[in-house]
Structures are given as C-alpha cells and as structure tokens.
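Asker: Okay, here's the structure, questions in a sec.
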Amino acid sequence: MAEEKPMTVVTCTAPVNIAVIKYWGKRDEELILPINSSLSVTLHQDQLKTTTTAAVSRDFKEDRLWLNGKEDDIAHPRLQSCLREIRRLARKRHAGNGSGNGDALPLSLTYKVHIASENNFPTAAGLASSAAGYACLVYTLAKLYGVEGELSVVARQGSGSACRSIFGGFVQWIMGERADGKDSVAQQVAPETHWPELRVLILVVSADKKSVGSTAGMQTSVKTSLLLKHRAEAVVPERMAQMIRYIQQRDFEAFAELTMKDSNQFHATCLDTFPPIFYLNDISKQVIGLVHRFNAHYGKTKVSYTFDAGPNAVLFALEDTVGELVEVVKHSFPPDGNGGQFLKGLPVEGASLSDELLTVVVRDPAPGAIQYLLHTKPGPGPMTVEDAGGHLLGADGLPRSSC
Ligand code: 2P0
C-alpha cells in the first residue's frame, strides 16, 4: 500500500459577483431556494477575491477554520452544510468508481480538515464577501476531495448569491422548481471575454452603521411585501430573458437601463417590506441623481448604477466613458485630504471635463462622502493556485500569517 502523505493541501481563489437582476427572497430557507431567478456579472479577481486553503492530515485532531487570520466557528450551520455535502459527494464518487466493494474510504475522508480563508479587500467595506467566500470554500473542498459536477448547488447552500460566483463572466441562477433544489443551479450566460469594453466602478461609501442583514431582510420581505410577490411572479421572468439577450448582443444602453430599473425595484420592495428596510442612504441617492444627469447630458445611457443590501454604488460604463465618469465623481465627492489612494484598481486615463458637463452634472458636492473608488471589469471564475508559496496554511497545518 502506498504510504499516505502527511498532509494534502489545496489553495483556490474565487470572485465576487454583482447582480443586475436581483435575488431577494427564499422559498426554502434550509436549502436556500429563491423565489426568482437572478443574473450577475462576475468581477475580476485582480481587484476582489477570496483565497482559501484547505488541508487534511491524520495529525489533525478536529475540523478548524480561520477567517482573515483569526480562528472562527467551524460549527456555523451553513458552513457545515457545504462541508457535509462535499464529503457526501466524495463518498458517492468513491462508491461509483467500482472501488467501493468493501474497500475502506480514502483516508482523506476520515481525516479532519483545516480551512483558512482571506479576502484581498476589507470585509468592512460592505462588498459582498459571503458570495466569494462560500464559492471559494466549496471549490477548494471539491478539489481537495476530488469532487466534480454541480458545485453551484453546493455553494448555493452556503449563501444564495455564492452559486453565481462559481462561474466567470455573466451568470444566471435559474430558480428551479424541484423541492430538493437539484435544478436550482447557476449557469454561465457568456464568458468574461465576451464584452471586453465593459467596466465596473465601485463607489465605497464612507462608514455607515450596519443595516439589516440580507438573510433576515429577505425573510421579512417575503412575509410582508406584495410588491416582492408581484416582482417574482410577473416581472423577473421577462427581465431575465431580456437581460440575457442584451448581454448576448452587447447592447450597453439596454443592459444599463434594465440594470438600473431592477436595482430600483429591489429597493422598492425593501420600502414595501413592513417594517420597511432602507439600504440606500443620501449619498446613494446623490449617485443616482448624478448618473441620470450624466446620461441626460449626453442624451443616451452611458452609465448605470446598481445597489445591493447597502449604500455602496456599483456603476457600469464602457471603457471610453470611465475617465470622464471618474472626474465627475471626484468633483461631486471631493476626496478627503487625509491621505490614502482615492482611485484603486485598474488604471484610468485622465479626462478633461467641459464646463458645461460640470455645471449640469455636479450638484451639491459632498466632500469625503465616498471613501474610495475601485475600478474593475468582468473576470473569470474560481481558480486553483498552483504555487505552493500561495498556501495560507503552513506545513504544520496552521495559518502562516500569525493570528
Ligand atoms: C443579489 N443580494 O442578487 C442580492 C441583491 C443582495 C441584494 O444575494 O441568505 O448574502 O446567504 O442567500 O446571498 C445577498 O443575499 O443571502 C444578495 P443568503 P445573500 O446579489
């Protein structure tokens, strides 16, 4: 019998995604099954990603988890769902190999697991970290245990939006109909290379106190909002078909307009929830005004906004508009002079603004209201890190960067 390696270790990365047709509301809390389909753009991992290392060893005494260098509770029910499901698929695969006739399980399945995960962006910035986090966890465990197949179904059970981060580019989450959730899967609509000119500008709004979490928020919305019910039944199905078509045709104006309308309807369902939920703040509303004035000035839709369960704005524009857009944002929300980089991510070509554009678009500047801008673009799905230097766990199975 071949000698068992002392430790098997795998490291992978996974992206954040931003929905342009929003998911809000579950029909099954346990399996995380949604009341409507949704569609998102996967953002590039050069700017936003989660990295996860998972290791198994006969020397490990218990399953353990570290998040951003600090030990965390591995007993979290959703994390346990993902771990249990991957181990179940690994056992099933082993049995299906024909090697299951009385053979012992592969040792890796009897060993305890150590998991370390970190983000390359501040969790406090309110950027969707649970989607990248659970997608990365599931993808990494699947590689570790040699599981293939429908990983979006497993990631979905960690966090709904995580199933869309299993793919790059443009991704739909088909709601499905079955009670067991087997048909509630994510699928790529187009790869990230499909629309090379598309750019994303994230406006990180300065610290705001934490509002209602998504899981609790959507529960109240499902119970109380008739608008949400109408949206799920009568609005989203047609919008999904339209959005897929606009992406396939790279029709920016149509894509951008529908993105804004769907964000607005999602926030309308939040206001229709009882008691109401407010995710947009005054700065978000100023950004909405700015985008509409910018588009009105040009007489066409050159920029769109979308907002999730928080005040940060995510803007879409084509490459040739970004320089001007950044200038307009800088004039509207002059950076605080307290150091730190205001524009992060992909480089932006400088643009000079006409006085007319400035006068029409910039209104009531709010200094310091935006912490920073992050310039990114659509990007690929989860990846394995081949370089052993990239592991977050050392040879002893403990985090490399000290806690
Ligand atoms: C989305 N959001 O489609 C929507 C738009 C926020 C607004 O998915 O309970 O963290 O883990 O399934 O996925 C946020 O909800 O909620 C979300 P759970 P999740 O991206």
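Asker: Take the residues in segment 207-242 that are of a type outside the set (V, I, T), surrounded by 15 or more Cβ atoms within 10 Å (Cβ to Cβ) and modelled with pLDDT under 95, then tell me which one is nearest to the ligand (Cβ to nearest atom).
Answerer: Among those residues, the one meeting the criterion is S214.
Asker: Here is a check on your reading of the model: is R250 without any contact (Cβ under 8 Å) to a residue 12 or more places away in the chain, in contact with an Asp or Glu (Cβ under 9 Å, 6 or more places away or on another chain) and not β-branched (V, I, T)?
Answerer: For R250, the condition - without any contact (Cβ under 8 Å) to a residue 12 or more places away in the chain, in contact with an Asp or Glu (Cβ under 9 Å, 6 or more places away or on another chain) and not β-branched (V, I, T) - is not met.
Asker: Given segment 1-73, what strands (runs of 3 or more DSSP E) lie entirely inside it while holding 1 or more residues that are at pLDDT 95 or above and surrounded by 17 or more Cβ atoms within 10 Å (Cβ to Cβ)?
Answerer: 7-15, 17-21, 26-28, 38-42, 49-57, 64-67
Asker: List the pairs whose first member sits in segment 350-368 and is at pLDDT below 90, whose second member is surrounded by 10 or more Cβ atoms within 10 Å (Cβ to Cβ), and whose Cβ atoms are under 6 Å apart, counting only residues at least 6 apart or on separate chains?
Answerer: A351/G323; A351/E324; A351/E327; L353/E327
Asker: Filter segment 92-118 for residues that are modelled with pLDDT of 90 or more and in contact with a Leu (Cβ under 8 Å, 6 or more places away or on another chain) and give the result.
Answerer: Matches in segment 92-118: V113, H114, I115, A116, S117, E118.
Asker: Only one of these conditions is not met by R156: (1) in contact (Cβ under 8 Å) with a residue 24 or more places away in the chain; (2) more than 10 Å from the ligand (Cβ to nearest atom); (3) of a type in the set (D, E, K, R). Which number is it?
Answerer: Looking at each condition in turn, R156 falls short on (2).
Asker: What is the residue count in segment 163-180 for residues that are over 17 Å from L151 (Cβ atoms) and out of contact with any helix residue (DSSP H, G or I) (no Cβ under 8 Å at 6 or more places or on another chain)?
Answerer: 4
Asker: Next question. Being within 16 Å of the ligand (Cβ to nearest atom) and either polar (S, T, N, Q) or at pLDDT below 95 (or both) is the filter; apply it to segment 280-307 and report the residue that is farthest from D251 (Cα to Cα).
Answerer: N281
Asker: Ok, one more. State the number of residues belonging to segment 329-360 that are surrounded by 17 or more Cβ atoms within 10 Å (Cβ to Cβ) and touching a Leu at 6+ places or on another chain (Cβ under 6 Å).
Answerer: Number satisfying all stated conditions: 2.
Asker: Being within 16 Å of the ligand (Cβ to nearest atom) and crowded, with 18+ Cβ neighbours inside 10 Å is the filter here, so list the residues in segment 78-96 that pass it.
Answerer: The answer is L79, S81, C82, E85.
Asker: To continue, here is another question. On the given criteria, is V328 within 15 Å of L290 (Cα to Cα), modelled with pLDDT of 95 or more, more than 26 Å from the chain's Cα centre (by Cα) and β-branched (V, I, T)?
Answerer: yes
Asker: What do you reckon, is T193 more than 14 Å from the ligand (Cβ to nearest atom) and either buried (at least 24 other Cβ atoms within 10 Å of the Cβ) or on the phi > 0 side of the Ramachandran plot (or both)?
Answerer: No.
Asker: Which ones in segment 323-375 are in contact with a His (Cβ under 7 Å, 6 or more places away or on another chain) and of a type in the set (V, I, T)?
Answerer: Selection gives V348, V360, V361, V362.
Asker: Taking L109 and the conditions (1) assigned to a loop (DSSP other than H, G, I, E, B); (2) more than 16 Å from the ligand (Cβ to nearest atom); (3) surrounded by fewer than 20 Cβ atoms within 10 Å (Cβ to Cβ); (4) touching a residue at least 12 places away in the same chain (Cβ under 8 Å), which numbered condition does it fall short on, given that it satisfies the others?
Answerer: L109 satisfies all of (1) assigned to a loop (DSSP other than H, G, I, E, B); (2) more than 16 Å from the ligand (Cβ to nearest atom); (3) surrounded by fewer than 20 Cβ atoms within 10 Å (Cβ to Cβ); (4) touching a residue at least 12 places away in the same chain (Cβ under 8 Å) except (1).
Asker: Further, regarding this structure: Scan segment 9-29 and report the pairs whose first residue is under 30 Å from L398 (Cβ atoms) and without any contact (Cβ under 8 Å) to a residue 40 or more places away in the chain and whose second residue is away from the ligand (no atom under 11 Å from the Cβ) and part of a strand (DSSP E or B), with Cβ atoms within less than 7 Å and a gap of 6+ or a chain change.
Answerer: none
The values are calculated or read from the model by the stated rules, or taken from the named source; none is laboratory data. The structure displayed is predicted, hence computed values, not measured ones. Quick reminder, even Gly has a Cβ in these numbers, built from the backbone with ideal geometry, and neighbours come from all protein chains shown.
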